[in-house]
Amino acid sequence: MIALLFLVLLLFPFPAFSSDTDLVCVIDMGSNSFKLILGEMKGDKYFQHHFTKNRLGVGDDMSKTGEISASKLEEIRRMLEQYLEVCDSKGIKMRSAVATAAIREAKNQREVAEIAKSLNLPLEIASEERESQLAYLVGTLGQQNFAVIDNGSRTIELVTYAANRYQWDVFHLGYRIAFQQFFQPAKTFAEANDRFREALAPYLLRANFMKDRRGYAGVEMEDVARNLLSQDRVDGVQISLDTVSRKIAALKAMSEVEFSELKKVKNIDEIPPRLVVLEQTLITFGYREIQVFERELGVGLIVEKGIR
């Protein structure tokens, strides 16, 4: 019997053991935004019933002193309370939260953990490795042998899973950091593009494990997809390298005045750095397209419950 079970595990990746989870309430405490996700796994498919996103800027706040300020901690508490009220109103008992880079790196991360504890909210402050694993589950729903990128506000995760083994790398060139460091001070997009690519290159060159997989999937790339395709619904869309390259060529052709005006657009920090990362990774890893999903990192907790 044990030998048979081992054979089944080898032949079928873990989604074969997926099961229904019922509705789960997950709070994704990102470095830039918090998200409330109500979703469930049915078999090997994910269904989302509610999504709310609020920009809190915890990463920017934390970066000033290395600690999350008292006022931001209070804002975090109020946001968690609001989210949990929604979970209560839906009668959802299964709930959890995951925090990423900004809270992980904060000297006073324990104060955030205490807030969650006081609200009876199970909180996981994810390590870099754990964040990468969740990103993989989000991008693949557990299928093996794909390459996944999660381009968050502070970090970029590159991860694959095959032969029951994760390979991953994380580096601190997320879109918010990249925008502030390379794009905000640049006179032109071309200037920022060249400097950012130079910084990216050594990290991508050491990630050979991302090559030659069944496909390439993107997490936290939906805003880029909307920008490129001029459409609201982008879950599951394929974005070609040619499409990305044409957009970047247009941005490179911008004058200093045009680029200056572009940088004034609300939330524009989320787009140019991710476009550069997208083109550079497609080229470096040898893919002609990437499939983008409108699923946040917290969805990984729900997927994980379904494949246990």
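The values are calculated or read from the model by the stated rules, or taken from the named source; none is laboratory data. Predicted, not measured: the structure shown is a model, and the values here were computed from it. Reconstructed Cβ throughout: ideal geometry from the backbone, glycine too, with neighbour counts over all protein chains shown. All accessible areas refer to the heavy atoms of the entire protein, side chains included, with ligands and DNA or RNA removed. Shrake-Rupley method; radii C 1.70, N 1.55, O 1.52, S 1.80 Å.
Take the conditions aliphatic (A, V, I, L, M), on the phi < 0 side of the Ramachandran plot and touching a residue at least 60 places away in the same chain (Cβ under 8 Å) and apply them to residue 62. Does it pass?
Working: aliphatic (A, V, I, L, M): yes; on the phi < 0 side of the Ramachandran plot: yes; touching a residue at least 60 places away in the same chain (Cβ under 8 Å): no.
When the stated conditions are applied, residue 62 does not pass them.
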Discussion item. Filter the range 263-280 down to the residues that are out of contact with any strand residue (DSSP E or B) (no Cβ under 6 Å at 6 or more places or on another chain) and not charged (D, E, K, R) and list them by number.
Written reply: 265, 267, 268, 271, 272, 273, 275, 276, 278, 280
Worksheet item: If you check every pair at least six apart or on different chains, which have Cβ atoms under 8 Å apart with a residue in the range 200-219 that is over 15 Å from residue 279 (Cβ atoms) first and a residue that is assigned to a strand (DSSP E or B) and open to solvent by 50 Å² or more (accessible area, probe 1.4 Å) second?
Response: 209/167; 215/291; 217/291
Worksheet item: If you go through the range 237-265 one residue at a time, how many are under 28 Å from residue 291 (Cβ atoms) and either among the aliphatic types (A, V, I, L, M) or at pLDDT below 95 (or both)?
Response: 10
Discussion item. Can you list residue pairs whose Cβ atoms sit under 6 Å apart, with the first residue in the range 246-264 being in contact (Cβ under 8 Å) with a residue 24 or more places away in the chain and the second being open to solvent by 80 Å² or more (accessible area, probe 1.4 Å)? Count only pairs 6 or more apart in sequence or on different chains.
Written reply: 256/187
Response to the item:
Note: among 115, 103, 177, just one is over 19 Å from residue 278 (Cβ atoms) and open to solvent by 10 Å² or more (accessible area, probe 1.4 Å), namely 115
Fill in: Restricting the range 74-99 to residues that are buried (at least 21 other Cβ atoms within 10 Å of the Cβ) and of a type in the set (Gly, Ala, Ser), the residue that is nearest to residue 50 (Cα to Cα)
97
Worksheet item: Tell me, which strands (runs of 3 or more DSSP E) wholly within the range 204-308 include 3 or more residues that are on the phi > 0 side of the Ramachandran plot, open to solvent by 40 Å² or more (accessible area, probe 1.4 Å) and not β-branched (Val, Ile, Thr)?
Response: none
Discussion item. For residue 168, only one of the following conditions fails: (1) open to solvent by 10 Å² or more (accessible area, probe 1.4 Å); (2) out of contact with any Leu (no Cβ under 9 Å at 6 or more places or on another chain). What is its number?
Written reply: (2)
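Here's the yes/no breakdown for (1) small (Gly, Ala, Ser); (2) open to solvent by less than 40 Å² (accessible area, probe 1.4 Å); (3) modelled with pLDDT under 95; (4) farther than 24 Å from residue 61 by Cβ:
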residue	(1), (2), (3), (4)
109	no, no, no, no
121	no, yes, no, no
124	no, no, no, no
135	yes, yes, no, no
138	no, yes, no, yes
